[in-house]
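Below is one structure, written out as structure tokens; the observations come after it.
Every number here is computed from the coordinates shown, using simple stated rules; none is lab data. Bear in mind the structure is a predicted one, so any value in this text is a computation, not a measurement. Quick reminder, even Gly has a Cβ in these numbers, built from the backbone with ideal geometry, and neighbours come from all protein chains shown.
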Amino acid sequence: MKIYKVKGKFRMGRRRTDWQHFTKEVVSEDQDAAVEKVLSLLGSKHRVKRTNIDIRHVEEIDKDQVEDAYIEDILKREN
């Protein structure tokens with residue numbers, strides 16, 4: 001499994017100009033699966049439609065670059 005950092009923004013609120021920026025780290029098989037997981041997580045947690053989510057950047061990161069405590073815990077359990 002690889003670790004990806006996904007950055008972007010999603011529309012939050014009633015006005016078209018209310019955008020919330022996000023950075024999310026996920027464990028996934030490939031880049032497309034990482035984007036799919038982030039779309040699913042944001043839709044579930046914030047009730048945002050996929051059409052209101054704008055993914056700007058996806059990059060694979062090394063284990064030592066992880067900032068998310070949940071992902072760090074997953075990596076510790078794998079070892």
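Among 56-62, 38-44, how do they line up by average Cβ neighbours within 10 Å per residue, starting with the highest?
Descending packing order for the listed peptides: 38-44, 56-62.
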Using the Kirkwood radius over Cα pairs of segment 18-63, the Stokes-Einstein translational diffusion coefficient at 4 °C and 1.567 mPa s, in µm²/s and rounded to a whole number, is 114 µm²/s
Most positive-pole-ward Cα, T23, F10, L39, against dipole of the chain from beta carbon charges: F10
Relative to the Cα centre, what is the charge dipole magnitude of the chain, using +1 at the beta carbon of each Lys and Arg, -1 at the beta carbon of each Asp and Glu, and rounding to the nearest 20 debye? 860 debye
Of (1) 13.4, 46; (2) 12.9, 42; (3) 11.7, 36, which one was derived for Rg and Dmax of the Cα atoms in Å from the structure shown? (1)
